[in-house]
Structures are given as structure tokens and as C-alpha cells.
Amino acid sequence: MRRPIHGRWPKVAAVAAPLTTATLVSARGRLDADGRWRWAALPVLLWHQVEEWVWPGGFIEWLNREVLGSSEDLAPLTPARASVVNVRLGWGMSLATSALADRLPAVAIFTSASNAANAAMHLGWAGRHRRWDPGAVTSALLLLPWSIVGLRRRLGPGGAPPWQQAVGLLAGAGGFLRLVTSMRQAGSGG
């Protein structure tokens, strides 16, 4: 069964994922380990979005029905809301992490914590239900490892200033959980 692609942005992600990966690989000799990690933020997210939205796809329907308990495929997470979350927030924070991780570590912590929470949602659901979900493979192979590396580099003694650690963690993981909780409430009519 061919799944619909909701919107143009997933097609852009499908083209941008290999292009940004190739660019990162070609620059690897000019970047230190942290530079490679920072600049991997966007390709990692793009590959995750490709799995969710393009191939094999089906994320919006899965999230609405299976995770949020909705009786509709395209609500409460609508294609328009998904575009805002994935493009403005996801791409924006990935690019901000690449550019600002040294000067403003809270941004990198936010992105790492949010991506770790996203991966935990995918992998937790897949583990509980003993089956794949749209995003589980890239969560295990890319999103979670990338997030762990970023959090290990910026948390604890010798990491970012404590206030930036707190702000990044609360905003990233807390914001992701709040988004899912609010959509779950909307999906159940609560």
C-alpha cells in the first residue's frame, strides 16, 4: 500500500537528507569531533523525517491513531501543525545547534533532549508493541546516538554552565512531552 506524503516539506527533506549527509562527509577532515556532531544535527533529523513521512512513511496516521488515541488519521496532528513542528522547530533548532552550540550550549542541549525524547517515544512504543513504527529505525540508529553524544558533551561538570543545562533540558524534553500531551488530550476530546 502506498502511503500519501502530506505536504511538500517531506519531499524537500528526502532530497536534503542525502545532500546534507554528503556535504558533512566531504567536510569531515576539516571538522573536529564536536564540529562533526554539531553539523550532523540536520542530516540526522532529515533522515528521521524521511523514514516517518516519505519511506516507508505513515507517521501522521500512526501517531494520531496509535499514540494519541484519535479516531482520525489527520487529527489532532494535522499536516499544517506537522509542518510547523518539523520544519520551523525541527530544522530551525538543528541549524541553530550547528551554528550556536559553542556560544549558546542551551540550544544544543534543547535539540539533544528533544530528539532523545522523540527517540524514546518511538522506541518505547515499538518495544511495548513488539513491532516497527514510522521512525523507530532512525531513532535507534541516528537520533538517539546523536542525542546521547550531545548530552554527554554538554551536561555535568565541565559541560555547559548549570543554568544553560537546566534551560536546555527543561525546554527540550519538557517541550516535547508537553506537545505530545496536549495533542493526546485533543485527540481524546479532553
- Query: What's the number of the condition Val85 fails, among (1) under 16 Å from the mean Cα position of the chain (by Cα); (2) more than 16 Å from Met183 (Cα to Cα); (3) surrounded by fewer than 22 Cβ atoms within 10 Å (Cβ to Cβ)?
  - Reply: (2)
- For the stretch 165-176, state whether one or more residues are assigned to a helix (DSSP H, G or I), of a type in the set (Val, Ile, Thr) and within 25 Å of Gly7 (Cβ to Cβ). no
- Task: Quick one: in the stretch 154-184, of everything that is at pLDDT below 95 and charged (D, E, K, R), which residue is nearest to Asn86 (Cα to Cα)?
- Result: Arg178
- Would you check which residues across the stretch 19-53 are of a type in the set (Val, Ile, Thr) and either touching a Lys or Arg at 6+ places or on another chain (Cβ under 7 Å) or surrounded by fewer than 15 Cβ atoms within 10 Å (Cβ to Cβ) (or both) and list them? Thr23, Val25
- Checked Ser98, Ser71, Ser139 against criteria (hydroxyl-bearing (Ser, Thr, Tyr) and in contact with a Leu (Cβ under 6 Å, 6 or more places away or on another chain)); the one match is Ser139
- For the stretch 1-119, which fully contained helices (runs of 4 or more DSSP H) count at least 2 residues that are among the small types (Gly, Ala, Ser) and in contact (Cβ under 8 Å) with a residue 40 or more places away in the chain? 9-27, 79-83, 92-100
- Query: Quick one: would you say Val25 is β-branched (Val, Ile, Thr), touching a helix residue (DSSP H, G or I) at 6+ places or on another chain (Cβ under 6 Å) and closer than 27 Å to Arg154 by Cβ?
  - Reply: no
- Query: Taking the stated definitions as given, is Ala171 crowded, with 16+ Cβ neighbours inside 10 Å, touching a residue at least 60 places away in the same chain (Cβ under 8 Å), under 18 Å from the mean Cα position of the chain (by Cα) and more than 30 Å from Thr78 (Cβ to Cβ)?
  - Reply: no
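The values are calculated or read from the model by the stated rules, or taken from the named source; none is laboratory data. Everything numeric here is computed off the predicted structure, so don't read it as measured data. With ideal geometry, Cβ positions are generated from the backbone for all residues, glycine too; neighbour counts draw on all protein chains shown.
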